[in-house]
Every structure is written in structure tokens, then in C-alpha cells.
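Engineer: The structure under discussion is supplied below as C-alpha cells; questions concerning it will follow.
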Amino acid sequence: MNLILLGPPGAGKGTQAERLCDAFNLVQLSTGDMLREEVKSGSELGRTAKEIMERGDLVPDDLMIAMIAGRIDTGNGGDGVILDGFPRTTAQAEALDAMLVEKGLKIDRVVQITVDEDAVVERISGRFSCAECGAGYHDSFKQPKQEGVCDNCGATEFNRRADDNAETVRSRLEAYREQTAPILPYYEGRGSLQAVDGMGSIDDVFGRIKAAIKGV
Ligand code: AP5
Ligand code: MG
């Protein structure tokens, strides 16, 4: 099963992708996580992407398409992939189609997670993740079971993202509205789009996503 998770910043794409990977043995391909790795490593792509990400703008399509191209099948190993944060523009959606045809793969469902913009700001400002394994947490909504210790790997160092501030979140929301939301009709026209209400607890949203992919 191959899925795309679409939704604005803070919709819960990463949170739900983690749960879906465990439940369905899928591999998460998050272009945001890949870019943050590039920034950390100081690569040429990372140096180009750093400022763009800190402004809350989108990294140019050609760079993103080249970055994901090699991972569409090599990222596998499970029973399919979850694309989290890609595609984000019409050009990326078209390039993805070409890559899938070439590999003989198809997207089974595009899950659009919808949320209130006010909730997004609250979710993003409380977000942190494990410095070791990347597991995601939240100050109010998802604390580690033992304070200061990652549930997943036991590490005790955590990170907050450089783009998680109120000003950058506004730019990221604008980029979503202007550049990403226009690809929704592209998938709707093929009958693969399922909108899911992303408000409510993490468990509730997970239940709705499972219902939306039932029968795939
Ligand atoms: P990316 O990393 O993809 O960020 P984003 O789309 O802004 O989305 P987020 O990761 O912020 O949110 P999320 O939906 O994953 O929410 P999460 O599950 O963490 O991209 C970052 C940047 O990279 C972009 O701005 C761009 O510059 C660049 N980029 C990436 N891909 C690109 C592409 N394809 N093209 C061009 N540029 C690209 O949840 C948020 C918080 O809320 C967490 O703390 C979580 O615990 C909590 N939470 C989640 N669900 C719930 C719930 N139901 N109730 C309460 N709390 C919840
Ligand atoms: Mg994310």
C-alpha cells in the first residue's frame, strides 16, 4: 500500500505516518526530515535549503524532485511507502507520476488531513523530537512516558525545529494555501483523495485515517 499524506504544517502528517508505519509495515518518506538531515550534514543542498526553510518558503521543485527520485523504491523494505510532505506543488505531483510509472508503482490513497489554523499554531509551538531517533512529541499533547527520556530509543536529548515559530508558521501556512492546496483537485479527479478531519486526539485521527484507507 502506497499513501500520500497531505495537509498544512502541524496537521499531524509526521505523527500519523509514525503510527501508520507501525500498524501496516510501511516506510515513511518525509521530505522535510530529509532536508533537515541535509542541513545538519552541511551538504550543498542543505546549505541552499536552510534559509528557505527558515523563511517558511518551499525549496525549488527541481531540487526536491531530484532528492526524492532515488528513494521512491530504495526507501522500501516494508509493504509500501508513506509520502509525507511530497508532492507539494503541481510540478512535483506530475514528476511523482512519471517516477511511479517508471517503477511500476501506484499511489493507493491520498489522505488529506484538515485542521483549524489556530490549532496548528498551538501544535507547532509545543512540538519537540528525539535528537537520536526523531520520534515526535508535544509539550501538552504527547509527552514521553518518562519525562526527558525517549519512549522509542531511550535517548535523553531532544530538538526543536528552527522553523517552528509563529512568524515562519504563517509563511508555511500561506505556502500550503497557495502552492500545495491547488494539487488537491488533481487527486480528487482520480478518485484517490480522502479528506480526514485532523481535529481531536491523535488516536481519534488515527482511527479516521484507518477507516479512510480500509479496503486498499
Ligand atoms: P515539513 O517538515 O514537511 O513541515 P510541514 O509540512 O510544515 O509540516 P510539519 O512537519 O510542521 O507538520 P506535521 O503535519 O508533520 O505535524 P506533526 O505530526 O509534527 O517541511 C518543512 C519545510 O521543508 C517546508 O516548509 C519547506 O521549506 C521544506 N519542504 C519539505 N518538503 C518540501 C517539498 N516537497 N517541496 C518544497 N519544500 C519542501 O504534528 C505537529 C505537533 O502536533 C506535534 O508535536 C504532534 O505531537 C502534535 N499533534 C499531532 N497530531 C495531534 C493531535 N491530533 N492532537 C494534538 N496534537 C497533535
Ligand atoms: Mg512533519
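The values are calculated or read from the model by the stated rules, or taken from the named source; none is laboratory data. For clarity, every value in this text was computed on a predicted model and none was experimentally measured. Note that each Cβ is placed from the backbone with ideal geometry, even for glycine, and that neighbours are counted across all protein chains shown. Areas reflect the complete protein model, heavy atoms only, side chains present, ligands, DNA and RNA absent. Shrake-Rupley method; radii C 1.70, N 1.55, O 1.52, S 1.80 Å.
Engineer: Return only the number of the condition from (1) open to solvent by 70 Å² or more (accessible area, probe 1.4 Å); (2) at pLDDT below 95 that residue 208 does not satisfy.
Structural biologist: It is condition (2) that residue 208 fails.
Engineer: Would you check which residues across the stretch 72-89 are open to solvent by 20 Å² or more (accessible area, probe 1.4 Å), assigned to a helix (DSSP H, G or I) and either in contact with a helix residue (DSSP H, G or I) (Cβ under 7 Å, 6 or more places away or on another chain) or within 16 Å of ligand 2 (Cβ to nearest atom) (or both) and list them?
Structural biologist: Of everything in the stretch 72-89, just one residue is open to solvent by 20 Å² or more (accessible area, probe 1.4 Å), assigned to a helix (DSSP H, G or I) and either in contact with a helix residue (DSSP H, G or I) (Cβ under 7 Å, 6 or more places away or on another chain) or within 16 Å of ligand 2 (Cβ to nearest atom) (or both), namely 73.
Condition check ((1) more than 16 Å from ligand 2 (Cβ to nearest atom); (2) under 17 Å from residue 13 (Cα atoms); (3) in contact with a Gly (Cβ under 8 Å, 6 or more places away or on another chain)) across all residues:
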site	(1), (2), (3)
59	no, no, no
62	yes, no, no
65	yes, no, no
68	no, no, no
91	yes, no, no
94	yes, no, no
105	yes, no, no
125	no, yes, no
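Engineer: Continuing with this model, one more query. So, of the residues in the stretch 6-37 that are of a type in the set (A, V, I, L, M) and more than 7 Å from ligand 1 (Cβ to nearest atom), which turns out to be nearest to residue 138 (Cα to Cα)?
Structural biologist: It comes out as 17.
Residues checked against (1) on the phi > 0 side of the Ramachandran plot; (2) more than 8 Å from ligand 1 (Cβ to nearest atom); (3) in contact (Cβ under 8 Å) with a residue 60 or more places away in the chain:
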position	(1), (2), (3)
39	no, yes, no
54	no, yes, yes
57	no, no, yes
65	no, yes, no
72	no, yes, no
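Engineer: Please go through the stretch 1-36 and pick out each residue that is over 24 Å from residue 169 (Cα atoms) and near ligand 2 (Cβ under 10 Å from one of its atoms).
Structural biologist: Within the stretch 1-36, none qualify.
Engineer: Can you confirm whether the stretch 100-113 contains a residue that is within 17 Å of the chain's Cα centre (by Cα), open to solvent by 40 Å² or more (accessible area, probe 1.4 Å) and within 12 Å of ligand 1 (Cβ to nearest atom)?
Structural biologist: no
Engineer: Then there's this: Which numbered condition in (1) open to solvent by less than 70 Å² (accessible area, probe 1.4 Å); (2) outside any helix (DSSP H, G or I) is the only one that residue 190 fails?
Structural biologist: It fails just one condition, (1).
Engineer: Sticking with this structure for a sec: Which pairs do you get when a residue that is buried (at least 19 other Cβ atoms within 10 Å of the Cβ), found in the stretch 114-131, comes within reach of a residue that is part of a helix (DSSP H, G or I), reach meaning Cβ atoms under 6 angstrom, with the pair 6+ apart or on two chains?
Structural biologist: Note: pairs meeting the criteria are 124/169.
Engineer: Residues of the stretch 138-164 being in a loop (DSSP other than H, G, I, E, B), open to solvent by less than 60 Å² (accessible area, probe 1.4 Å) and free of Cβ contacts under 8 Å to residues at least 24 places away in the same chain, which ones?
Structural biologist: 144, 148, 150, 154
Engineer: Just for the stretch 1-41: of the residues that are assigned to a loop (DSSP other than H, G, I, E, B) and polar (S, T, N, Q), which one is least open to solvent (accessible area, probe 1.4 Å)?
Structural biologist: Out of the qualifying residues, it is 2.
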